Amino acid sequence: MRSLPQELYTAEQVRQLDRLAIEGVAESPGIDGFELMGRAAKAAFSHLLHQYPQLEEGSSLQVFCGAGNNGGDGYLMAALALEQSIPVTVTALKNPDDLTGDAQKAFEYCRDKGVRIVLWRNDSTIAGDVLVDAMLGTGLSGDVRGDYQLAIERLNLSERPVVAVDIPSGLSADTGAVLGDAVQADNTVTFIGTKQGLLTSEGPRLCGTLHFADLNVPSVVYDQLEPASIRLTQSAMRLIPTPRKRSAHKGDYGHVLIVGGNHGMPGAVIMAAEAAISCGAGKVTVATRPEHLLALAIRRPEVMTTGVNHRTELQSILHDKTVLVVGPGIGTDQWALDLVDEALNAELPLVLDADALNLLSEHSQLRRARKFPMMLTPHPGEAARLLEMDTSAIQKDRFDAVTRLSEQYDACVVLKGAGSLIRNDGKTSLCTAGNPGMAVAGMGDVLSGVLGALLAQKIPIYDAARLGVWLHASGADALAQRQGETGLLATDIIPFIRQQLNDLTGSVDG
């Protein structure tokens, strides 16, 4: 078992990797398909024993096997269990007489070893102390039905620990959506290539703890395919920012202008400004309703402020700015519409968040080509409005949604949520950091400030988005480790984001 790789694949790509491993590539000879299945079973079984040592002390194992190679993995796992004198039963969802290929070989091997195999019936019970889900694998396309759906329901109601083989049955390997119903696993052992759907939407919840085994597939096999997406890691993020030079001055690190804070909403721009100044922006100015200036000055004296009543006042202060962040607390009235329109005209990189995105979706005149880079940071509801879809449709295929948003608006897009996605110029990254404590007001405002600060420091837009999302999520994880997930405040994570950034850059560059 090895750490989760950065490269993420679709189900079809993993099938291609599987075929290439079996057929062989260049100087690398092929691996027999049944041998590869055996390696998968051994990897999953090894994890099973490590995670549930009670199996070697008399607890029983029940393996639910479907058709295809996923079921074959399960049959071979059951045979391994019997060899270890573990009480084991296979419950077959597919009549073994109908199996073909390596799955049939696996069943016959399991049967010949003397494993007890019973066919699933409507009155079948959950009898094992530990359960293995080897029912559906990655080949599922339509919704789960019939015996499989009933089996999934009973597994989920059993209150027994469940280990999923390769993927929880009923989960889309491509999108992370639930296809009718899905197994809630405590642990998932996935093979050869990490399926991108395991890490976004419902994937993280249903997989439980995710483990990866490459089955000793040669690296040359992976060289044949471009991954569908890339998982953000600390080691990769370390390559983006650079240490500050000892001769640096504030002008080297840009000037962020944050626009927002309509009546009654000064907090949003305050949080964005605090995040921006804490993530290395040389200067930060907030343009907001004049009534909020005193509160801003008292809360954060390092931030400059200017009152804005009309779009012309915004236009007059753009000349010395490096990047615009528009949307925190901006609202949707005429004042907000005018400021968003003016920001879109500005010859500056632009981050649009919150109600600025809602205005963009509601007013077609705002949707025009820009010469300068633009970043959109929608949550699923905002993404749905931008694409004129239901939120549920966004969540069913977040990869498709982020791709369409990026193409339709010619922008770098951060689609927030569990397994946040970043898309720009045909490339997609996925962030696995973060926790449920982030589901609280103000987190998006903090993120927009972080992103603005990184752009102000001349980090290319895709790298800025990737780094900003990772810093934001990792900072929240660091805070949650100390204080727990419940009751996190958006402003509380800012010092942790700053620490994460400094940990990446190390010491000052001489």
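Quick look at the numbers
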| quantity | calculated |
| --- | --- |
| Residue within the range 458-476 that is crowded, with 18+ Cβ neighbours inside 10 Å, outside the structural domain of THR200 (by TED's automatic domain parsing) and acidic (Asp, Glu) present | yes |
| Test: residue in the range 365-374 that is surrounded by fewer than 19 Cβ atoms within 10 Å (Cβ to Cβ) and aromatic (Phe, Trp, Tyr) | yes |
| Hey, PHE64 touching a residue at least 40 places away in the same chain (Cβ under 8 Å), surrounded by 21 or more Cβ atoms within 10 Å (Cβ to Cβ), of a type in the set (Phe, Trp, Tyr) and within 23 Å of GLY128 (Cα to Cα) or not | yes |
| Hits in the range 185-207 - residues which are buried (at least 20 other Cβ atoms within 10 Å of the Cβ) and assigned to a loop (DSSP other than H, G, I, E, B) | ALA185, ILE192, GLY193, THR200, SER201, GLU202 |
| Of residues in the range 479-507 being touching a residue at least 60 places away in the same chain (Cβ under 8 Å) and among the β-branched types (Val, Ile, Thr), the one farthest from GLY434 (Cα to Cα) | THR505 |
| Looking only at the range 31-51, and only at residues there that are among the hydrophobic types (A, V, I, L, M, F, W, C) and closer than 17 Å to ALA164 by Cβ, the one that is surrounded by the fewest Cβ atoms within 10 Å (Cβ to Cβ) | LEU49 |
| Those residues of the range 1-60 which are more than 29 Å from the chain's Cα centre (by Cα), in contact (Cβ under 8 Å) with a residue 40 or more places away in the chain and outside any loop (DSSP other than H, G, I, E, B), in sequence order | VAL25, SER28, GLY33, PHE34, GLN54, LEU55 |
| Residues of the range 232-251 satisfying the condition of being of a type in the set (D, E, K, R) and touching a residue at least 60 places away in the same chain (Cβ under 8 Å) | ARG238, ARG244, LYS245, ARG246 |
| Some residue of the range 439-450 being in contact with a strand residue (DSSP E or B) (Cβ under 7 Å, 6 or more places away or on another chain), polar (S, T, N, Q) and under 23 Å from LEU360 (Cα atoms) | yes |
| Qualifying positions in the range 213-267 - hydroxyl-bearing (Ser, Thr, Tyr) and touching a helix residue (DSSP H, G or I) at 6+ places or on another chain (Cβ under 8 Å) | TYR222, SER229, THR242, TYR253 |
| Residues within the range 209-226 that are surrounded by fewer than 19 Cβ atoms within 10 Å (Cβ to Cβ), closer than 25 Å to ALA433 by Cα and either of a type in the set (D, E, K, R) or not assigned by TED's automatic domain parsing to the domain that holds PHE45 (or both), tallied | 1 |
| Unique residue being in contact (Cβ under 8 Å) with a residue 40 or more places away in the chain and either surrounded by fewer than 23 Cβ atoms within 10 Å (Cβ to Cβ) or outside any strand (DSSP E or B) (or both) when the list is ILE86, ILE126 | ILE126 |
| Among (1) farther than 30 Å from LEU337 by Cα; (2) in contact (Cβ under 8 Å) with a residue 12 or more places away in the chain - the single one ILE277 does not satisfy | (1) |
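Results for (1) in the same structural domain as LEU48 (by TED's automatic domain parsing); (2) without any contact (Cβ under 8 Å) to a residue 24 or more places away in the chain; (3) assigned to a helix (DSSP H, G or I); (4) surrounded by fewer than 18 Cβ atoms within 10 Å (Cβ to Cβ), shown as yes or no for each residue.
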{"position": "VAL90", "(1), (2), (3), (4)": "yes, no, no, no"}
{"position": "LYS94", "(1), (2), (3), (4)": "yes, no, no, no"}
{"position": "CYS110", "(1), (2), (3), (4)": "yes, no, yes, no"}
{"position": "ARG121", "(1), (2), (3), (4)": "yes, yes, no, yes"}
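The values are calculated or read from the model by the stated rules, or taken from the named source; none is laboratory data. Bear in mind that the values here come from a model prediction, so they are computed numbers and not experimental data. No Cβ is skipped: glycine too gets one built from the backbone with ideal geometry, and neighbour counts run over all protein chains shown.
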